[in-house]
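What follows is calculated from the coordinates using simple rules that are stated; it is not laboratory data. Nothing here was measured: the structure is a model prediction, and the numbers come from that model. Positions of Cβ are backbone-derived with ideal geometry, glycine not excepted, and every protein chain shown enters the neighbour counts.
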Amino acid sequence: MHPQVPLSEPEAGVATVMLLPSYGYDNRVWGSFESLLSAGMRTVAVDYPGHAGHPPSPGPIDTVKSAEAAATGISGELHVVASGDGAAGAVRLAERGRVRAMVLFSPSPQDPPAEVVDGFDFDAVADAAVEDYGWALDAASMTDPDERRRTIGRHQAETFAGVVPDDDLPRLRSMFEDNADLLLDPAARADAGLAWFAGLSQVTCPVLVVATAHDGPLSIRTSEAVAQRLPRGDYVQLDPSFSAVPWLSRPAETARLVLDFLRRG
């Protein structure tokens, strides 16, 4: 759903769970996980401007403002599930007392705070990072935009092969192709910086921070730091049988984990 689309009123007593993806992703990233959540709550999957075929914003894309805009159309009890840097919008809503409970999958500030990076051995992961992102540099140098989008879509979808059900791969590939230019253009998005990390101590609702055994060491360290800063933060690291995108690789178990926590909140 686009943040500016009016929402219907939920049934009495039915809570709403807002799904906030990372920048460059859209509603297609949730798959059957969203429908499993909707069995217990009304779901609202937020798309950011310029994503999933929605019109671009007049300036840099501000995912936090998109979350705020979506929340204005929701009445009643609100829960939030966010992945990656989608945590910025979730934290902003929680700071303002709008959120009953939330779940953050591998939350990632755009710039890791000092308490995370101090003492971290970046040299140890540098070679792996070059290998992981070298393909993006090659894609960025392509002059044919259609070829560039196809290359990004194919590569990104291949990283999910064997991790998620095969039926999910065409949908994910089309998502990456449609959002390819956004992924390659950091100037297209507004810089939320460290603001959301600094505000964690003001979040009073229950928060479950979820990391996976497949997250990189810096990501896991960040998730731990987020949970420690939250007054009511819980932390769980999923076992290796869950992938880095647990809601896709094991949607039923992940939905049960999320719904159980949100209902307790």
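Could you give the dipole magnitude of the stretch 213-265 about its Cα centre, charging the beta-carbon of Lys and Arg +1 and that of Asp and Glu -1, in debye to the nearest 20?
220 debye
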Completion exercise
Phi angles of the stretch 204-209, converted by Karplus (6.51 cos²θ - 1.76 cosθ + 1.60, θ = phi - 60°) into ³J(HN,Hα) in whole Hz with x for Gly and Pro, give 9, 7, x, 9, 9, 9
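Below 8 Å between Cα atoms, with a sequence gap of 6+, how large is the relative contact order for the chain in percent?
Values: 460 pairs, mean separation 61.7, N = 265.
RCO, the chain: 23 percent.
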Problem - Local electrostatic count, PHE242, Cβ distance below 14 Å [Lys/Arg +1, Asp/Glu -1] - result: -1
Practice task
Under 13 Å from the Cβ of PRO56, count the other residues' Cβ atoms, weight Lys and Arg +1, Asp and Glu -1, and hand me the total.
Solution key: -4
Handout entry: Residues whose placed amide H lies under 5 Å from that of THR43, excluding near-sequence neighbours
Key = VAL17
Problem - Cβ charges +1 (Lys, Arg) and -1 (Asp, Glu), total dipole of the chain, debye - result: 1080 debye
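Go ahead and estimate [θ] at 222 nm for the chain from helices alone: -39,500 (n - 2.57) per DSSP H run with n ≥ 4, summed, over the residue count, rounded to 500.
The helix contribution divided over the chain gives -12000 deg cm²/dmol.
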Practice task
Output ³J(HN,Hα) for the stretch 229-237: one whole-Hz value per residue in order, computed from phi by the Karplus curve 6.51 cos²θ - 1.76 cosθ + 1.60 with θ = phi - 60°, and x for Gly and Pro.
Solution key: 7, 7, x, 10, x, 10, 10, 9, 10
